[in-house]
Every structure is written in C-alpha cells, then in structure tokens.
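Heads up: the structure comes next, in structure tokens.
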Amino acid sequence: MAAPCYRGSQQMTQTARPAKAITTTESPLVRRILIGIALAFLLLFLVLPLVAVFAEALRQGFGAFFAAFQSDDTWSAVKLTLITAIIVVPLNVVFGVMAAWAIAKYEFKGKAFLITLIDLPFSISPVVAGLVYVLLYGINGWLGPLLQAYDLKIIFAVPGIVLVTIFVTFPFIARELIPLMEAQGNDEEQAAIVLGASGFRTFWSVTLPNIKWGLIYGVILCNARAMGEFGAVSVVSGHIRGQTNTIPLHVEILYTDYQSVAAFSVATLLALLALVTLALKTWAEWRHDAQLKKAAEMPPESPYVVGNTQVPSGDDVSRHEWKRATPVLAPNANRH
C-alpha cells in the first residue's frame, strides 16, 4: 500500500503584491481649499448643532438641566427606549446572521429578490412604514377585527413600536455581514465539517470569529437607529405620555409645550448616544476593514493539504486537528 500523502506544509502560494496607490497631482492650494470646504461643512452642519444642544440644555444652569430628568414621563420614555432596543437588536442579530449566511453561502433562485427585500427599509420613508403597520394592525386594518376578538392591541401600544423599529433597522446587520461572508468563502467551514465538527461548533469556532467585527459594527448601527427612530414610531405610538413615548417622541412633546430647556436636556441623551456610537463605530469599522482586507488577501489554496482535502491554516479546528484526520490517499495511489 502506498504511503498516505501529506503535502500541507510544502505547498505555499504566492500572493500578488498590492499595486502602489495612485496619488493625485493637484496643487497645494487646491488641496487646502477642498479640505477647508469639507471642514467648514462639517462644522456648520454637524459640530455646531451638537454644541447648540448642550448649550441650550445648560442655558439655565445645571439645576434646570437635572430637573428635566426628575419627571416620571422622562424615565418612562427612557425605559421604553431601552426595552425596544433590547428586544429589537437581538432579533435583528438572528435575522441578519441567517440572511447573510443564506445569501453568502448558497446559490438559489430568488437570491437577488431576497437582497432587494433586505434593502427595502432603506428606500421607504419611516412614516410610510408606520402607516403600513397601521393599515395592517389598526382597529380598522386588515387584521384589526381578528386582534380585537382576542383582545390584542398592537397599534398605539408597545408591540407596534417594536414591530416598526424592527422593520426600519433589520437591514443594518445583514448588509454588514453579507460582503464579509462572501469575501471569506466556504473553505474553513467545509474543512471543519470534514474533520467531524458539528454544525454548531463550526459556527461557533469558525464562522463567528471570522465575522465578529462586522457583526459588532452592524449591532452598533442597529442599536443607534433603534433608540433614535422617530418617524415610524411616531405614527404607531399614539403619543401617550408615560406609556408609548420613546426619548425622541418625549423630546418633541416637551419642545411643542414650550419647555425648550427640558427638551434639549433630554435631547442630550441622544446626543451622547450619537457621540458614543461614533466612537464605537470608528473602532469597529477599523477592525471590520482589517478583517475584510485579511479575507481578500487569503490565497486561493490553503497552505495545509491532507490528501485531496484542503485545510485552511486560519481555522482553529483544522489547525489543531488536521494531523489526526484519517489519511487520504493521493488520487493515483496504488491501493494494494
């Protein structure tokens, strides 16, 4: 019998060197003008409004600022906003991972249509989305009589707020994971399965570590949008104080009641959320880009090969277990 063929450590592929970046040749004056215009735009439309929120909130001192947070309605709005985010984000994580897995790992009819459906909330106004849910679940809606028969209330209640928030936020995680999974391919998962790993272990030990930064990036964006959503929630909430008002709706009510200091004080919560989200987004985006770059630079063949089975070097399961795999004879090996 011919000896088993192990060629893993001897096969190393050469990756092409990246081309040098092409730099522009405009004059220093043009560069300074363009940079100045960009900085002026950011200052005028982003920085100054953010500063104005904190300045107006503290216009009457810290006493008036903290007084805005002593209201029961304020804390009810904060509580409802957190509850909505706690429900929406995990559901979108499950949906986003499943949708990205199906689109990136499999070929099937209707794949392009599924991608279009995922992008649908980006092209529909949140107000229109809220009206659609009122049409479906309202008292006079298509499912209204059925819900009334079982004494179920969705519109002008917390379930309606959760549903519309899921609708407007579910693309964020899926759209972050799809290109990442497509760039990484299926080789590592296939190697883990060949080596006897279960489906759950393959996902936990191989897939999840590869997508974790893209997943974190999508969760950050999803959470920020869920806590700051106004249009769709405004349509289905009913603006019931202390019951169906989230932080954005509570800020609007305070402002329309001419309580501007209280409105801007509560709005600082959303402003701080925006700053924290920006910092986390920058960090996660940096790690996400590094992961995409690493996936794009992976060689077409794995450096470890066991017979006819390619075993990726980046896979924890295969890296530690490939030597214990059943030897595979070369294609033309003599079997007697």
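The values are calculated or read from the model by the stated rules, or taken from the named source; none is laboratory data. Every value quoted in this text rests on a predicted model; they were computed, and no experiment measured them. Cβ sites come from the backbone with ideal geometry, for glycine too, and all protein chains shown count toward neighbours.
For I103, indicate whether it is within 24 Å of N223 (Cα to Cα), at pLDDT 90 or above, part of a helix (DSSP H, G or I) and hydrophobic (A, V, I, L, M, F, W, C). Before you say what the answer is, go through the steps one by one.
Values: within 24 Å of N223 (Cα to Cα): yes; at pLDDT 90 or above: yes; part of a helix (DSSP H, G or I): yes; hydrophobic (A, V, I, L, M, F, W, C): yes.
Criteria met by I103.
Every listed requirement among (1) surrounded by 20 or more Cβ atoms within 10 Å (Cβ to Cβ); (2) hydroxyl-bearing (S, T, Y); (3) within 30 Å of D289 (Cα to Cα) is met by T244 save one, (3).
When V276, V261, V328 are screened for being over 30 Å from V132 (Cα atoms), of a type in the set (V, I, T) and modelled with pLDDT under 70, only V328 passes.
Name every residue in the stretch 66-97 that is β-branched (V, I, T) and either more than 16 Å from P171 (Cβ to Cβ) or not in a helix (DSSP H, G or I) (or both), in order of residue number.
In the first step, residues of the stretch 66-97 are kept if they are β-branched (V, I, T); the result is 74, 78, 81, 83-84, 86-89, 93-94, 97.
Scanning the stretch 66-97 gives T74, V78, T81, I83, T84, I86, I87.
Does L135 satisfy the criteria of being surrounded by fewer than 18 Cβ atoms within 10 Å (Cβ to Cβ), among the aliphatic types (A, V, I, L, M) and in contact with a Gly (Cβ under 6 Å, 6 or more places away or on another chain)?
Numbers: surrounded by fewer than 18 Cβ atoms within 10 Å (Cβ to Cβ): yes; among the aliphatic types (A, V, I, L, M): yes; in contact with a Gly (Cβ under 6 Å, 6 or more places away or on another chain): yes.
When the stated conditions are applied, L135 passes them.
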